[in-house]
Amino acid sequence: MKSYLFFAAFLFLAPTLTMAQKYGHLNFGNLISSLEETKAADSELEAFQKQLVTKGEEMAANWQKEAQAFAQQVQGGNLTPKTQSEQQAKLEQERNEILAYEQEVSQKVQAKRQELLEPLITRAETAIQEVAKENGYTMIFDTSVFNAILFAKDSDDVLELVKAKL
């Protein structure tokens, strides 16, 4: 009788034991930042950004000088109203060009960052998928982002079933 109960319990528990799911996690940001290539990419990005910022600082310094000279001429009454208006419009246009350049710098730096880190991110994602498959993980979560899944075992898309239920 005991062996019969043991056998019955085994039959009920065996499917749940074979269906055990294995989950893993890692901090993807820490993984990327720990790579040697990331340090080299950061150095290259910093040099690129410094070069662009230097040009922007020169533009701003030149504008500042022109604005001060304009203010002195206005205070001295050396400008006709038409000339004053023209120079003021010119200064405003230069100021807008500087602001546009600042936005351009931001976009260029972001694009360069993407260009430099994309191969590293792709390599890391491939390594995560290989580790997951080799070690039987169902899912691997990224702890640096809330609810981010880095790897999920192939499964059925239940979207249509859920839509039908709704």
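The values are calculated or read from the model by the stated rules, or taken from the named source; none is laboratory data. It should be emphasised that the depicted structure is a prediction, and the values quoted were computed from it without experimental measurement. Because the Cβ atoms are built from the backbone with ideal geometry, glycine has one as well, and the counts that use them run over all protein chains shown.
Overview of values
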item: The lone exception for K108 - which of (1) surrounded by 11 or more Cβ atoms within 10 Å (Cβ to Cβ); (2) more than 15 Å from the chain's Cα centre (by Cα) it fails; result: (2)
item: Selection within segment 77-90 - outside any loop (DSSP other than H, G, I, E, B) and loosely packed, with under 15 Cβ neighbours inside 10 Å; result: P81, K82, T83, S85, E86, Q88, A89, K90
item: Matching residues in segment 60-75 - criterion: being closer than 13 Å to I98 by Cβ, of a type in the set (S, T, N, Q) and loosely packed, with under 12 Cβ neighbours inside 10 Å; result: Q64
item: Filter result for the condition that a residue is within 30 Å of S144 (Cβ to Cβ), touching a residue at least 60 places away in the same chain (Cβ under 8 Å), surrounded by 10 or more Cβ atoms within 10 Å (Cβ to Cβ) and in contact with a strand residue (DSSP E or B) (Cβ under 9 Å, 6 or more places away or on another chain), over L45, L26; result: L26
item: Members of segment 111-134 that are closer than 30 Å to G24 by Cα, surrounded by fewer than 13 Cβ atoms within 10 Å (Cβ to Cβ) and aliphatic (A, V, I, L, M); result: A127
item: Qualifying residue in segment 54-74 (condition: over 21 Å from the mean Cα position of the chain (by Cα) and under 30 Å from G29 (Cβ atoms)); result: yes
item: The lone exception for E118 - which of (1) at pLDDT below 80; (2) part of a helix (DSSP H, G or I); (3) under 19 Å from the mean Cα position of the chain (by Cα) it fails; result: (1)
item: Residue within segment 24-40 that is out of contact with any His (no Cβ under 6 Å at 6 or more places or on another chain) and over 30 Å from K153 (Cα atoms) present; result: yes
item: Residues of segment 70-105 satisfying the condition of being of a type in the set (S, T, N, Q) and touching a Phe, Trp or Tyr at 6+ places or on another chain (Cβ under 6 Å); result: Q87
item: Pick from segment 135-163, criterion in a strand (DSSP E or B) and at pLDDT 80 or above, ranking: surrounded by the most Cβ atoms within 10 Å (Cβ to Cβ); result: I140
